[in-house]
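Q: There's a structure below that I have some questions on.
The values are calculated or read from the model by the stated rules, or taken from the named source; none is laboratory data. In this text, all values refer to a predicted model and were calculated from it rather than measured experimentally. Glycine also receives a Cβ, built like all others from the backbone with ideal geometry; neighbour counts cover every protein chain displayed. For the accessible areas, the whole protein counts, side chains as well, though only heavy atoms, and no ligand, DNA or RNA atoms are used. Shrake-Rupley method; radii C 1.70, N 1.55, O 1.52, S 1.80 Å.
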Amino acid sequence: MNKIDVLLGLQWGDEGKGKVVDALTQHYNVVARFQGGANAGHSLEFNGIKHVLHLIPSGIFHPKTINIIGNGVVLDPAILVQEISELEQMGVDATKNLHISKKAHLILPTHRALDAALEQAKGDNKIGSTLKGIGPTYTDKTARNGLRVGDILRPDFDARYKQLRQKHLDTIAQLNGPVAPTQADEDAWMRAIDKLRSYTLIDSEYAIDQHLSDGQRVLAEGAQGSLLDIDFGSYPFVTSSNTVCAGACTGMGIAPGRIGEVYGIFKAYCTRVGAGPFPTELFDSTGEQLRTIGAEFGATTGRPRRCGWLDLVALRYAIMVNGVTQLIMTKADVLDTFASIKVATAYRVDGQLTNQIPYNTDARIEPVYQEFAGWQTDITSIRCESDLPQRLLDYVRFIEEQTGVPVRIISVGPDRNATIMRG
Ligand code: IMP
């Protein structure tokens, strides 16, 4: 029986997963999201147009691919409906091949308001949440208060909605929260619920099992990044779901033994949005250069991303917890103009050399760098490995040596075609 391949971000999100899934989709019949929600922003570019998907799996642009929103996802119907209508305007019928797990939890308008109230209450310790209601929805899920997609088919849905909404409003009032949702927001959400009733709602664990039994190829598309994982990220500066490979098992109903290839995506440098440790962050003009050339501004929030050099301590950690079998390096072209490129190979923590990420998020980490001469060549139109500059290949080989995992794909630009497959 076929296995599920999993594609994950190995850093703090924004590694270019959308583009890579889109490029790989031709080899898969099914693409599934298994965690997170509309806090994600997966950018895809083809025919000169950029598309950003927040909730819908990145296989949606391929007319024959089935796209599944798994049980581990938290789903805001208003955002889903909006995304579907934007796709419709581009001539893509997103509902045709979109299957949604009945067990996915619903994000209510009051979850969003609660997110803002809780974040505000944190004062100086803000996480930098995208404020899409992700955290409060997962909180309700684990507290066993949540509403699930399948509940919208039950006759008591309205009553249960009102009960949960009131609970949220009470908490927001206690927190002196910023704002309760507007009537317009709530009306739009209710209209979206009506639409959701007409979509294909499934028991995704059975559906995926059937797809695999039928010999179909399934790709699980991770969101955010491994270093934002609720357990293995720099807690509490993390998202609220398991973004690592194990999350694909719980977020889709897949047995661990049915995981096949684990593709790990990383950028040729690092970025992070929101608060939390970032050992290789650059506060100088080099960091600014990475941000400008790499267009490092959030696809979901528009916030400028923090930028820094590639961190191999963090990358090796992400490879370890995920069991990565193949690496994919993105945005190599962003480094095209740099005369020198640095990579952190170890940390010095309180004067001690280490290869491990310290437990304390406030530890003073000094990265130990290895420096490389930049290739200083425009690689954006290169489509074949043998045409890549030797210095870039040396950089890639160094990463392979340091991680023990082959780099199978190098992305050299945002377009679907700007993808170099290696042997
Ligand atoms: P939340 O998941 O919206 O609550 O945000 C928690 C943290 O994860 C914040 O630092 C966000 O900036 C970050 N985050 C959430 N989703 C993404 C993403 O898709 N890409 C990058 N960072 C993200």
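Q: THR271 is checked against (1) under 17 Å from PHE232 (Cβ atoms); (2) in a strand (DSSP E or B) and fails just one. What number does that condition carry?
A: Every condition holds for THR271 apart from (1).
Q: Follow-up. Hey, does segment 332-355 have a residue that's in contact with a His (Cβ under 8 Å, 6 or more places away or on another chain), modelled with pLDDT under 95 and surrounded by fewer than 20 Cβ atoms within 10 Å (Cβ to Cβ)?
A: Taking every residue of segment 332-355 in turn, none turns out to be in contact with a His (Cβ under 8 Å, 6 or more places away or on another chain), modelled with pLDDT under 95 and surrounded by fewer than 20 Cβ atoms within 10 Å (Cβ to Cβ).
Q: Go through (1) under 29 Å from ALA246 (Cβ atoms); (2) modelled with pLDDT of 95 or more for ALA299 and report which single condition fails.
A: Condition (2) is where ALA299 drops out.
Q: When the residues of segment 1-32 are narrowed to those that are assigned to a loop (DSSP other than H, G, I, E, B) and farther than 16 Å from GLY215 by Cα, which ends up farthest from the ligand (Cβ to nearest atom)?
A: LEU10
Q: Could you go through segment 84-99 and let me know if any residue there is in a strand (DSSP E or B) and under 12 Å from the mean Cα position of the chain (by Cα).
A: Looking through segment 84-99, none of the residues is in a strand (DSSP E or B) and under 12 Å from the mean Cα position of the chain (by Cα).
Q: Could you check segment 287-306 and list, in sequence order, the residues that are open to solvent by 30 Å² or more (accessible area, probe 1.4 Å) and away from the ligand (no atom under 14 Å from the Cβ)?
A: Within segment 287-306, GLU288, GLN289, ARG291, THR292, ILE293, ALA295 qualify.
Q: What pairs come out if I take residues in segment 131-145 that are over 28 Å from ARG303 (Cα atoms) and open to solvent by 20 Å² or more (accessible area, probe 1.4 Å) and pair them with residues that are away from the ligand (no atom under 14 Å from the Cβ) and among the hydrophobic types (A, V, I, L, M, F, W, C) whose C-beta lies under 8 Å away, six or more apart or interchain?
A: Once the first residue is over 28 Å from ARG303 (Cα atoms) and open to solvent by 20 Å² or more (accessible area, probe 1.4 Å) and sits in segment 131-145, its partners that are away from the ligand (no atom under 14 Å from the Cβ) and among the hydrophobic types (A, V, I, L, M, F, W, C) give ASN145/LEU164.
Q: Here are some residues: GLY59, GLY48. Which one is open to solvent by 10 Å² or more (accessible area, probe 1.4 Å), away from the ligand (no atom under 13 Å from the Cβ), of a type in the set (Gly, Ala, Ser) and more than 17 Å from GLU15 (Cβ to Cβ)?
A: So the residue among GLY59, GLY48 that is open to solvent by 10 Å² or more (accessible area, probe 1.4 Å), away from the ligand (no atom under 13 Å from the Cβ), of a type in the set (Gly, Ala, Ser) and more than 17 Å from GLU15 (Cβ to Cβ) is GLY48.
Q: Right, another one. Take segment 146-179 and flag every residue that is among the polar types (S, T, N, Q) and open to solvent by 60 Å² or more (accessible area, probe 1.4 Å).
A: Scanning segment 146-179 gives GLN163, GLN166, GLN174, ASN176.
Q: Exactly one condition in (1) within 16 Å of the ligand (Cβ to nearest atom); (2) surrounded by fewer than 20 Cβ atoms within 10 Å (Cβ to Cβ); (3) without any contact (Cβ under 8 Å) to a residue 40 or more places away in the chain is not met by GLN89; state its number.
A: (1)
Q: How many residues are among the hydrophobic types (A, V, I, L, M, F, W, C), away from the ligand (no atom under 12 Å from the Cβ) and surrounded by fewer than 21 Cβ atoms within 10 Å (Cβ to Cβ) if we restrict to segment 210-242?
A: 2
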